[in-house]
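The values are calculated or read from the model by the stated rules, or taken from the named source; none is laboratory data. Small disclaimer: the values here were computed from a predicted structure and weren't measured. Positions of Cβ are generated from backbone atoms using ideal geometry, with glycine treated the same way; all protein chains shown enter the neighbour counts.
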Amino acid sequence: MLININPVLSPELLFHLRSMGHGEKLILADANFPANTSNDKVIRLDGVGIKEAVSAILSVFPLDSFIVSQGGSPAIRMEVDNKPDEITETHKDFIEAVKNISGENWKVGSISRQNFYQEAKKAYCIVTTTDARPFGCFILTKGVILPDGKVWS
């Protein structure tokens with residue numbers, strides 16, 4: 001056990017979060033996402049939902065502020081097919097965790113399901129949960145931690 005490390009963060013997940021570089025993407029996926037056909041690095045969080053997973057990840061993972069300066073978002077949700085503006089309960093859980101842990105100023109963007117699948121193939125890794133709610137898939141882009149331990153904003 002480690003002090004102040006969320007127990008959801010397995011040794012394998014911590015290794016990959018630490019190994020990621022600035023600008024690399026992590027996919028956080030629901031139980032229905034075809035992770036093993038999308039990417040070689042799949043980390044399973046069995047028995048964990050999206051809210052618990054994103055809360056644990058963001059406790060150690062800096063979001064990328066550079067994307068914001070380019071008009072994008074380092075936190076993105078998968079859109080509901082034919083209803084891109086619909087916010088599901090899973091989306092609400094994700095957005096709440098981003099705001100509560102990383103800060104109120106972060107905006108959560110969106111991406112179509114088909115474009116999400118393409119991004120997943122290029123991502124550093126995929127973290128799968130057992131959350132079975134539909135369209136519960138997200139992208140997090142890693143930012144920079146400065147020498148004083150603060151996130152570059």
Quiz prompt | Set 26, 13: member being touching a Leu at 6+ places or on another chain (Cβ under 6 Å) and modelled with pLDDT of 95 or more | solution = 26
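Can you tell me which residue in segment 70-91 is nearest to residue 22 (Cα to Cα), limited to those that are acidic (Asp, Glu) and part of a loop (DSSP other than H, G, I, E, B)? Full working, then the answer.
To start, the set of residues in segment 70-91 that are acidic (Asp, Glu) comprises 79, 81, 85-86, 89.
After this cut, where a residue has to be part of a loop (DSSP other than H, G, I, E, B) as well, the list is 79, 81, 85-86.
On the way: 79: 25, 81: 30, 85: 29, 86: 30 Å.
The selected residue is 79.
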Self-check item: helices (runs of 4 or more DSSP H) within segment 10-69 that include 2 or more residues buried (at least 18 other Cβ atoms within 10 Å of the Cβ) and within 11 Å of the chain's Cα centre (by Cα)
Solution: 50-58
Quiz item: Listed residues 135, 94; which is among the aromatic types (Phe, Trp, Tyr) and part of a helix (DSSP H, G or I)?
Solution: 94
Quiz prompt | Search result, residues across segment 97-108 that are under 15 Å from residue 153 (Cβ atoms), touching a helix residue (DSSP H, G or I) at 6+ places or on another chain (Cβ under 8 Å) and not in a helix (DSSP H, G or I) | solution = 106, 107
Quiz prompt | Scope segment 113-132; condition within 16 Å of the chain's Cα centre (by Cα) and outside any helix (DSSP H, G or I); matching residues | solution = 123, 124, 125, 126, 127, 128, 129, 130, 131
Quiz item: List, please: which pairs have Cβ atoms under 6 Å, are six or more places apart or on different chains, and start with a residue in segment 54-74 that is within 17 Å of residue 153 (Cβ to Cβ) and in contact (Cβ under 8 Å) with a residue 60 or more places away in the chain and end with one that is among the hydroxyl-bearing types (Ser, Thr, Tyr) and part of a helix (DSSP H, G or I)?
Solution: 58/102; 63/102
Quiz prompt | Filter result (β-branched (Val, Ile, Thr), under 15 Å from residue 75 (Cα atoms) and surrounded by 20 or more Cβ atoms within 10 Å (Cβ to Cβ)) within segment 99-153 | solution = 126, 127, 139, 141
Practice problem: Show the residue pairs that are 6+ apart or on different chains and have beta-carbon atoms under 8 Å apart, the first residue being within segment 21-39 and under 17 Å from residue 54 (Cβ atoms), the second being β-branched (Val, Ile, Thr) and in a loop (DSSP other than H, G, I, E, B). | Solution: 31/130
